[in-house]
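Trainee: What follows is a structure written as structure tokens; I'll ask about it next.
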Amino acid sequence: MTIDELREALDVYLAPLLSAQVLPGTVPCRVNSRRVASLEPSKTAIMADPADVERIVLYRRPGFTPEELAVTKAFVEELFAIHGAAGPEYRAELFTFLPARAIARYLGSLPAISLILRQFVAWSARTYEGGAIASAIGIDPNELGNGSDLTEIFKEDFSAVISNGFDTLLVVTPDCNISGSGQLPAHQLGLGYVPYRLSAIAEWADGGRIALVLNRLGEQLIFKNKKLIFAKRRGEWQFYAHEMYLREMQPPQNRLLREAIYQSCLDISFARSGGCIIVIRSASLDDVGEVVSEPDLILGGIPPLNQKRFGLW
């Protein structure tokens, strides 16, 4: 692989995944050093060939998390695997699968992940009885299958409606054997890194479990450790570095307030409802009644004196 081919692949597929940019030029490196190396928190260097003495730099402030470095390594491994296995005339088309393959590798190269993501792509391009398809499938490494194979189930038209995409779940083993399906418990409060409507699925995705969701807008979401970690929206995959986003939200200084704003942003974004978030200083609370009608005021968070002034007592 040439340095120019590497630059193009990183710029088109990896940079959007990590909300990063590929810097112009190169930096020197030793021959036979690691293909992916962290130069500093905000710079990751990637080598095109073990015999090269230069690297391309992927840049983002404030810096890359260890998880994002692992995603980068998975991406580069998949990039070289595809590049080495396909002729030049096929690579452009095959590289479009790079983000999904890198995500599957990052999550353990489980056969079920690749199979489900491919099926979600197919479902997102069709309807079921005139409506868009939504689905949620969980992968549980601790479950035993019942003998039914997910590949065979996907051949049946009804597989598109086994789960509804937000509170029912089809559960499979990592090697694509179905273990069961059912209703999830009601929404769990207190999960700060998920869209609220998908809290039940995120709550399930713990202890090594992974949940994959296709919503009615054709977006694909992946949950692990009770968090949203990847989403494909508007045709591009995105990794969610939640803690990094929270650290960058300054002001406000108060951590709980930043978390509340961030949670609201996730809810608004995935609900596609639109919204407006206004942060009010405590000294200006008395002015809220001038711009917000009384029926829209929420009791929680308004000091007692202000509740009395707003006619809420």
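Trainee: So which of Gly84, Gly63 is surrounded by fewer than 20 Cβ atoms within 10 Å (Cβ to Cβ), in a loop (DSSP other than H, G, I, E, B) and of a type outside the set (Lys, Arg)?
Mentor: The unique qualifying residue is Gly63.
Trainee: Can you name the number of the only condition in (1) at pLDDT 95 or above; (2) open to solvent by 30 Å² or more (accessible area, probe 1.4 Å); (3) closer than 25 Å to Asp49 by Cα that Ala104 fails?
Mentor: Condition not satisfied by Ala104: (2).
Trainee: From (1) in contact with a strand residue (DSSP E or B) (Cβ under 6 Å, 6 or more places away or on another chain); (2) at pLDDT below 90, pick out the condition that doesn't hold for Pro16.
Mentor: Failed condition: (2).
One line per residue, one yes/no per condition, for (1) touching a strand residue (DSSP E or B) at 6+ places or on another chain (Cβ under 7 Å); (2) open to solvent by less than 50 Å² (accessible area, probe 1.4 Å); (3) modelled with pLDDT under 95:
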{"position": "Ile3", "(1), (2), (3)": "yes, yes, yes"}
{"position": "Ala9", "(1), (2), (3)": "no, yes, no"}
{"position": "Arg34", "(1), (2), (3)": "no, no, yes"}
{"position": "Glu40", "(1), (2), (3)": "no, no, yes"}
{"position": "Met47", "(1), (2), (3)": "yes, yes, yes"}
{"position": "Asp52", "(1), (2), (3)": "no, yes, yes"}
{"position": "Leu58", "(1), (2), (3)": "yes, yes, no"}
{"position": "Glu68", "(1), (2), (3)": "yes, yes, no"}
{"position": "Val76", "(1), (2), (3)": "yes, yes, no"}
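Trainee: Output the number of the condition that Gly218 fails; it satisfies all remaining conditions of (1) open to solvent by 60 Å² or more (accessible area, probe 1.4 Å); (2) closer than 19 Å to Ile116 by Cβ; (3) assigned to a loop (DSSP other than H, G, I, E, B).
Mentor: Of (1) open to solvent by 60 Å² or more (accessible area, probe 1.4 Å); (2) closer than 19 Å to Ile116 by Cβ; (3) assigned to a loop (DSSP other than H, G, I, E, B), only one is false for Gly218: (1).
Trainee: Can you find even one residue in the range 268-290 that is closer than 25 Å to Phe166 by Cα, of a type in the set (Ser, Thr, Tyr), in a helix (DSSP H, G or I) and modelled with pLDDT of 85 or more?
Mentor: yes
Trainee: From (1) open to solvent by less than 60 Å² (accessible area, probe 1.4 Å); (2) at pLDDT 95 or above; (3) not hydroxyl-bearing (Ser, Thr, Tyr), pick out the condition that doesn't hold for Leu198.
Mentor: Just one mismatch for Leu198, condition (2).
The values are calculated or read from the model by the stated rules, or taken from the named source; none is laboratory data. Note that the structure is a prediction, hence the values are computed from the model and not measured. With ideal geometry, Cβ positions are generated from the backbone for all residues, glycine too; neighbour counts draw on all protein chains shown. What goes into the accessible areas is simple: the full protein's heavy atoms, side chains included, and nothing from ligands, DNA or RNA. Shrake-Rupley method; radii C 1.70, N 1.55, O 1.52, S 1.80 Å.
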